[in-house]
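First the structure, in the form of structure tokens, and then the observations on it.
Read the figures in this text as sums done on the coordinates, not as results from a lab. Please read all numbers here as calculations on a predicted model, not as lab measurements. Glycine gets a Cβ as well: all are built from the backbone with ideal geometry, and neighbour counts include every protein chain shown.
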Amino acid sequence: MQAAEILAQARSGAYPSNWTVFPILRKKLQWGIAGWAFGTIIGLGLFALVLPIVIPDNFQHGPILIIFTLLMLGMFLFIGLGSLWTLVVDIKRLLTSDKHIFVFTPENFVKQEGNKVVQVPMENIEHITARGVRSASRTISEDEQVTVRTLPTMGENIAGFFVGRGATRSGRQWQNKRTRTPVSLAFLNTENDKQVIVVRDEAYGNPEEIGEILKEYAGRRHTNVAQHQASSISQSE
């Protein structure tokens with residue numbers, strides 16, 4: 001099947017039981033947007049508030065105060081602009097959420113991200129890698145996957161910018177459950193030796209769990225292809 005047919009069938013909901021479909025999770029995007037909006041307001045707001053206070057006085061009392069002031073202003077600006085950029089990206093993804101989906105079929109991996117569509121045969125998928133250290137426990141409870149309780153609050157997001165996520169309540173819970181969670185998933189397309197990014201964040205679900213599912217699909221396909229080739233050789237002899 002062509003990529004367009006697979007995507008259309010996946011969106012319709014009437015797809016075979018041996019397919020796995022990952023639409024983008026709108027609720028996660030919405031909570032992310034709220035957090036990044038708050039981060040933008042805090043970062044740019046503090047920059048605008050502090051700037052007239054420290055200029056020009058802090059630049060007239062030696063290099064140490066100048067360096068400290070520049071670092072402080074740079075941090076506020078980084079928080080504000082970084083949050084703004086991510087906010088714009090997530091809003092765009094939310095508005096075009098129907099164009100953000102990927103599908104595993106027994107024969108193909110198909111992904112649409114905006115107007116970009118990628119299709120890779122399962123037999124060409126190798127070196128599936130989730131970026132980060134494997135969690136202590138592969139199984140994540142249903143509550144962790146679908147409820148909002150495990151997501152950091154907007155206040156914790158902002159606190160994390162200043163003191164580190166590990167100092168917040170959700171950060172400590174997160175560290176207790178796993179050393180580090182993968183934040184991206186990719187594989188090598190052996191057809192052209194290029195890396196294909198499956199996910200860059202958790203907007204579709206947990207990257208490690210998605211990677212395990214993809215490994216199962218690719219493994220079964222490799223086995224079927226090898227068996228078919230062996231059968232063909234046997235018949236030719």
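Summary table below
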read-out: Computed E for S12/K215 - FRET, C-beta separation, R0 35 angstrom, nearest 0.05; value: 0.80
read-out: Zero-based 10 Å bins, Cα pair distances in the range 31-123, whole percents; value: 15, 26, 20, 17, 12, 7, 2
read-out: Net length gained if the chain between V117 and V88 were fully extended (0.36 nm per residue, minus Cα distance); value: 8.3 nm
read-out: Approximate shape of the range 1-78 as ellipsoid semi-axes (Cα gyration tensor, √5λ), whole Å, largest first; value: 52, 13, 9
read-out: Built amide H within the under 5 Å cut-off of N108, gap 5+; value: M122
read-out: Table column - 3J(HN,Hα) (Hz), the range 65-75, Karplus curve with 6.51, -1.76, 1.60, x for Gly and Pro; value: 5, 5, 4, 4, 5, 5, 5, 5, 5, x, 5
read-out: Nonlocal amide H pairs with A203, under 5 Å, H built at 1.01 Å; value: none
read-out: Tail weight of P(r) past 17 Å, computed on alpha-carbon pairs of the range 74-131, percent; value: 59
read-out: Ranked by how many other beta carbons lie within 10 Å on average, peptides 105-114, 221-230 from highest; value: 105-114, 221-230
read-out: Cut-off 18 Å (backbone N to label point 7 Å along Cα→Cβ of D98), residues of the range 8-41; value: 8-15, 22-27
